[in-house]
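Undergrad: Got a structure here, written out as C-alpha cells. Questions coming.
The values are calculated or read from the model by the stated rules, or taken from the named source; none is laboratory data. Computed from a predicted model, the values in this text were never measured in an experiment. Because the Cβ atoms are built from the backbone with ideal geometry, glycine has one as well, and the counts that use them run over all protein chains shown. Surface accessibility is based on the protein's heavy atoms, side chains included, excluding ligands, DNA and RNA. Shrake-Rupley method; radii C 1.70, N 1.55, O 1.52, S 1.80 Å.
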Amino acid sequence: MKLIILDRDGVINEDSDAYVKSLEEWVPIPGSIAAMAKLNKAGYTLAVATNQSGIARGYYDTATLEAMHAHLRRLLAEQGGKLDHIAYCPHISTDQCDCRKPKPGLLLEIAARLHTDLKQAIVVGDSLRDWQAAAAVGAAYVQVRTGKGERTLADGRLPADIPVFDNLADYADSLSLTGIPTA
C-alpha cells in the first residue's frame, strides 16, 4: 500500500488561528481536492490525521466536525477520489491523551485501521507537530508552505533535509512527474 497521511487544516483546507468552527468556515485550499483525487488515481491510499481541539474548547461539536468531513468526502468523490480514513483528536494538550499530535496516536490508529506499516507511509503537514508525529513512527515527511507552513519553516526547528512544497497540489504534481514519492 502506498499511503499518504495528510494533516487537514493548512494542508487540505485553509487554517485559522481562531479555529475552523463551522462548515461555512471550512474552505479548501485551491487545488487541494484535485490534488487528492490525482494522488488516488496514481495509486495512493489517502488518510487524514488532524488535531481538533476546538471540540474540547467548546467551539464546535463532533456533529459539526463530521459535517465538515462529509463535505470533504463529497468534494473528493466529485473529483473521483476518496479518503480511506479520517483520524482526529478532540482533546487539548493538557488532557495528556495519546492521540494529539505531536504524539503518534492518530498515525497508529490509521495504521491499525488500514493494516499497514507506517515506515512505508508519507505524512504531509504544515507544522512541527506533524513532523514530530511522523518521526515518532518512522514515516517520511513532506512540509507544505500553506497554513502554518511558512511560520514553521521560519522557526528553523525542522530538519534541513525535509522536502518542502508550496502546497499539496505542488507535491502531487511532483509525484506524477517522477512516479516516486518525494520524501
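Undergrad: Nearest 500 deg cm²/dmol is fine: what mean residue ellipticity at 222 nm does the chain get from its DSSP H runs of n ≥ 4 alone, each adding -39,500 (n - 2.57), divided by its residue count?
TA: -10500 deg cm²/dmol
Undergrad: So how strong a dipole does the chain carry about its Cα centre when Lys and Arg Cβ are +1 and Asp and Glu Cβ are -1, to the nearest 20 debye?
TA: With Lys and Arg at +1 and Asp and Glu at -1, about 400 debye.
Undergrad: Which one of 121, 13, 146 has its Cα pushed farthest toward the positive end of the charge dipole of the chain, where Lys and Arg give +1 and Asp and Glu give -1 at the Cβ?
TA: Working it through, the farthest residue towards the positive pole turns out to be 121.
Undergrad: So, one more: Taking amide hydrogens as modeled 1.01 Å from N in the peptide plane, which residues meet the under 5 Å criterion relative to residue 48, leaving out close sequence neighbours?
TA: It is 6, 85, 86, 87, by chain and number.
Undergrad: Do any of 41/103; 41/101; 21/82; 21/41 go past 27 Å between their Cα atoms, and which?
TA: Pairs exceeding 27 Å: 41/103; 41/101; 21/41.
Undergrad: Right, another one. Could you tally the net charge around residue 101, taking each other residue with its Cβ under 15 Å from the Cβ of residue 101, Lys/Arg +1 and Asp/Glu -1?
TA: Counting the neighbours of residue 101, the net charge comes to -2.
Undergrad: Provide the per residue accessible area, probe 1.4 Å, for the chain, rounded to a whole number of square angstrom.
TA: 45 Å²
Undergrad: I've got another one for you. When Rg is the radius of gyration of the Cα atoms in segment 127-180 and Rh is its Kirkwood radius, what does Rg/Rh come to?
TA: 0.97
Undergrad: Share of segment 1-146's accessible area from carbon and sulfur, percent, 1.4 Å?
TA: Carbon and sulfur: 51 percent of the exposed surface of segment 1-146.
Undergrad: If you average over every viewing direction, what projected area does the convex hull of the Cα atoms of the chain give, in nm²?
TA: Value for the chain: 9.5 nm².
Undergrad: Right, here's the next one. Please identify the cysteines of the chain that lack any partner cysteine with a Cβ under 4.7 Å from their own Cβ.
TA: By the Cβ distance rule, which asks for a partner under 4.7 Å, the isolated cysteines are 97.
Undergrad: Test of understanding: express the Cα radius of gyration of segment 9-55 as a ratio to 2.2 N^0.38 Å, with N the residue count.
TA: Expressed relative to 2.2 N^0.38 Å, the Cα Rg reads 1.28.
Undergrad: Which FRET efficiency, nearest 0.05, do residue 27 and residue 136 yield, Cβ-Cβ r, R0 45 Å?
TA: For residue 27 and residue 136, the calculated efficiency is 0.90.
Undergrad: Choose one answer from 71, 91, 115: the residue with the largest mean-square fluctuation in a GNM of the chain with alpha-carbon springs under 10 Å.
TA: 115
Undergrad: Tell me, what is the percent relative contact order of segment 45-114, built from C-alpha pairs under 8 Å that lie six or more residues apart?
TA: Once divided by the residue count of segment 45-114, the mean separation gives 43 percent.
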